[in-house]
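Here's the structure we're looking at; comments come further down.
The values are calculated or read from the model by the stated rules, or taken from the named source; none is laboratory data. These numbers were taken from a predicted model, which means no experiment stands behind them. In this analysis, Cβ positions are derived from the backbone assuming ideal geometry, glycine residues included, and neighbour counts consider all displayed protein chains. All accessible areas refer to the heavy atoms of the entire protein, side chains included, with ligands and DNA or RNA removed. Shrake-Rupley method; radii C 1.70, N 1.55, O 1.52, S 1.80 Å.
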Amino acid sequence: MASEDELMMQDATDDGESFDDDFYSGGDVHDDSDDDDVMDYDFIDNDSDDSDTVIAHHRSQSNYSILNEADIHKCQEESITKISTVLSIPRVAAGILLRHYNWSVSKVNDEWFADEGKVRRIVGLLENHVPVPDGEELTCGICFDVYPRKEISAAACGHPFCFTCWQGYISTAITDGPGCLMLRCPDPSCSAAIGLDMIKKLANDDDKKKYNRYFIRSFVEDNRKTKWCPAPGCDYAVDYIVGSGSYDVTCGCSYSFCWNCTEETHRPVDCGTVSKWILKNSAESENMNWILANSKPCPKCKRPIEKNQGCMHITCTPPCKFEFCWLCLGPWTDHGERTGGFYACNRYESAKQDGVFDESEKRREMAKNSLERYTHYYERWATNQSSRQKALSDLQQMQTVHLEKLSDKQCQPESQLKFIIEAWLQIVECRRVLKWTYAYGYYLPEHEHAKRQFFEYLQGEAESGLERLHQCAEKELQGYLDAEGPSKEFNEFRTKLAGLTSVTRNYFENLVRALENGLSDVDGHGAYSRAASSKSLGGGSIKGKGGRGKGTTSRSSSSRNIDDSGHWSCEYCTYANVRSATACQMCQQRR
């Protein structure tokens, strides 16, 4: 009988490497039962965290665009030109308007044509320019010194100030932060806006650079559909079409993140769950749970004490030094042979039977259970994160060193070894998805047993497939890297690794689809429908080149219905049931 891996790869490898184009070249992976209802999930975002050297996979960017500083400046200039042309106002005034209305061209137009006078008063745009008073010498309105007219400057309001005072006023405002973009005339009674032309004319070079930086950043930070990439040291911004679907975006620096919450990409988990999970990981609540579960307060000074030896005789640290029994918290002077000796306390046992310690013990037991449950999920979340970081490192090593080495040893061009890179990209993305499924599982309600059982089954299948793929790409590939020359088995390895990549992708697509639907396939009675189970658990087909189907992943054929251990696989959900069972223990469908 064929091995499990061979059975799973049978459909995926009928056409050599044709499955590569299904996913990595933008082809469709879909279900016969639900072609359009579910959004396809891109599993090779290639988010490399802080590693800029990993080659980025060119994803479709139909719902967002990446902007560098030059792009942002160009967008600003285009918006200023639009407003200046439509409203017939100077470009400086157009810039002030856009800055006030958060760079929304439509908002500026609406407000301006609704009440131009009101907008001018709010923003500080004077309808008529007031000239500087005539005279060869003028008095500065700040220092009250007399200066020649050529050393005096004024905004549109005409209030005269000397160059030195202007520079000090502007420099102080710029030093205070982005508020300098809303600068007004220094005269306390005047609200005339200070535009970019005055900054260029009066500010020193350092202040000009800072002001321009604030001006550029305002386009991103005040714009509701544009955000900075959160990766450390990255200066790219992402312009997103709000309401266009998935929030997953990949920056030009190769870092992938959720545009909605700016955390790393976390599908299939929603932003709210991610926020709660991150807060829980950083909060002190688990420390308090540990203290409650593993320590007891000194009966005298109330400081928490952890028991680190076998004897029940506890002595509190100085200056308290109170001696008490660990079990009943009573004074040690009341203990002796009549209470059971050093390692037991009959008084505690009798008090426990009387219910004296029920409440405190109940709280301590609940804290232990809560801590153990959290630790279970957190350890697996963190382990997959570590595995993903290691996979990223291995991917980089493969791209920069090993691929060329393998090409020389196997006498094959690097272009024919792309299946190895694609396998590692799949591993990186699947590790990320698997990591967040543990956060999902932690917040899955305890009382929804059917959903939890279905979730753990899907998660287990996906994790099992990923481990097979990871082992193949890591362990088995090493043998060919260490080989002295070309290996006859390398083509078989190519078929196996490519097939495992396709199978693992299918497993994770099923998992993501189910979790994003809220495990809706499970009904109130603990079962799920035939159509839904077929859709969620691999009942669809994968189209190859030219739209040709390559077969289904259904295991309903007689040769695959009963395995070597005597179990039969449900044709709807693929759950392995004991031979004697007449109905599937997972989906309740009859055999």
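Quick grid of which residues meet (1) surrounded by 14 or more Cβ atoms within 10 Å (Cβ to Cβ); (2) β-branched (Val, Ile, Thr):
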{"position": "CYS411", "(1), (2)": "no, no"}
{"position": "GLN416", "(1), (2)": "no, no"}
{"position": "GLU422", "(1), (2)": "yes, no"}
{"position": "VAL433", "(1), (2)": "yes, yes"}
{"position": "THR437", "(1), (2)": "yes, yes"}
{"position": "ARG468", "(1), (2)": "yes, no"}
{"position": "LYS488", "(1), (2)": "no, no"}
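So VAL54 ticks every box in (1) of a type in the set (A, V, I, L, M); (2) modelled with pLDDT of 90 or more; (3) part of a loop (DSSP other than H, G, I, E, B) but one. Which box is left unticked?
All conditions pass for VAL54, except number (2).
If you check ASP235, ASP270, which single one turns out to be open to solvent by 70 Å² or more (accessible area, probe 1.4 Å) and within 11 Å of the chain's Cα centre (by Cα)?
ASP270
Across region 329-352, which residue is least open to solvent (accessible area, probe 1.4 Å) among those that are assigned to a loop (DSSP other than H, G, I, E, B) and either within 16 Å of SER295 (Cβ to Cβ) or at pLDDT 75 or above (or both)?
GLY330
Mind checking which pairs have a first residue in region 297-326 that is touching a residue at least 24 places away in the same chain (Cβ under 8 Å) and more than 18 Å from ARG363 (Cα to Cα) and a second that is part of a strand (DSSP E or B) and of a type in the set (Asp, Glu), Cβ under 8 Å, 6 or more apart or different chains?
Sorted first by the residue in region 297-326, then by its partner, the pairs are HIS313/GLU323.
Do you know which residues across region 515-527 are in contact with a strand residue (DSSP E or B) (Cβ under 9 Å, 6 or more places away or on another chain) and either under 16 Å from ARG267 (Cβ atoms) or modelled with pLDDT of 90 or more (or both)?
Scanning region 515-527 gives a single hit, LEU519.
Quick one: what pairs do we get from region 129-158, first residue without any contact (Cβ under 8 Å) to a residue 24 or more places away in the chain, second hydroxyl-bearing (Ser, Thr, Tyr), C-beta under 6 Å, 6+ apart or different chains?
Cβ pairs passing all conditions: VAL146/THR139.
Sort through LEU458, LEU481, LEU519 and tell me the only one that's open to solvent by less than 60 Å² (accessible area, probe 1.4 Å) and touching a His at 6+ places or on another chain (Cβ under 7 Å).
Only one candidate qualifies: LEU481.
What pairs can you find where one residue is in region 432-456 and farther than 26 Å from HIS470 by Cβ, the other is part of a helix (DSSP H, G or I) and open to solvent by 10 Å² or more (accessible area, probe 1.4 Å), and their Cβ atoms are less than 7 Å apart, with a gap of 6+ or different chains?
What qualifies is TYR443/THR273; TYR443/LYS276.
Just give me the residues in region 429-465 being hydroxyl-bearing (Ser, Thr, Tyr) and touching a Pro at 6+ places or on another chain (Cβ under 8 Å), in sequence order.
Hits for region 429-465 are THR437, TYR440.
Scan region 238-267 for residues that are aliphatic (A, V, I, L, M), open to solvent by less than 20 Å² (accessible area, probe 1.4 Å) and over 28 Å from LEU395 (Cα atoms) and report the count.
Residues flagged as aliphatic (A, V, I, L, M), open to solvent by less than 20 Å² (accessible area, probe 1.4 Å) and over 28 Å from LEU395 (Cα atoms) within region 238-267 amount to 0.
Take the residues in region 281-317 that are open to solvent by less than 40 Å² (accessible area, probe 1.4 Å) and of a type in the set (D, E, K, R); name whichever of them is modelled with the highest pLDDT.
LYS296
Assess whether PRO232 counts as being farther than 21 Å from HIS100 by Cα and of a type outside the set (Gly, Ala, Ser).
yes
Here are GLU404, GLU372: which of them is out of contact with any helix residue (DSSP H, G or I) (no Cβ under 8 Å at 6 or more places or on another chain) and at pLDDT 65 or above?
Sole residue among the options that is out of contact with any helix residue (DSSP H, G or I) (no Cβ under 8 Å at 6 or more places or on another chain) and at pLDDT 65 or above: GLU372.
Can you report the number of residues in region 130-187 which are under 26 Å from ARG99 (Cβ atoms), open to solvent by 70 Å² or more (accessible area, probe 1.4 Å) and part of a loop (DSSP other than H, G, I, E, B)?
Total satisfying the criteria: 2.
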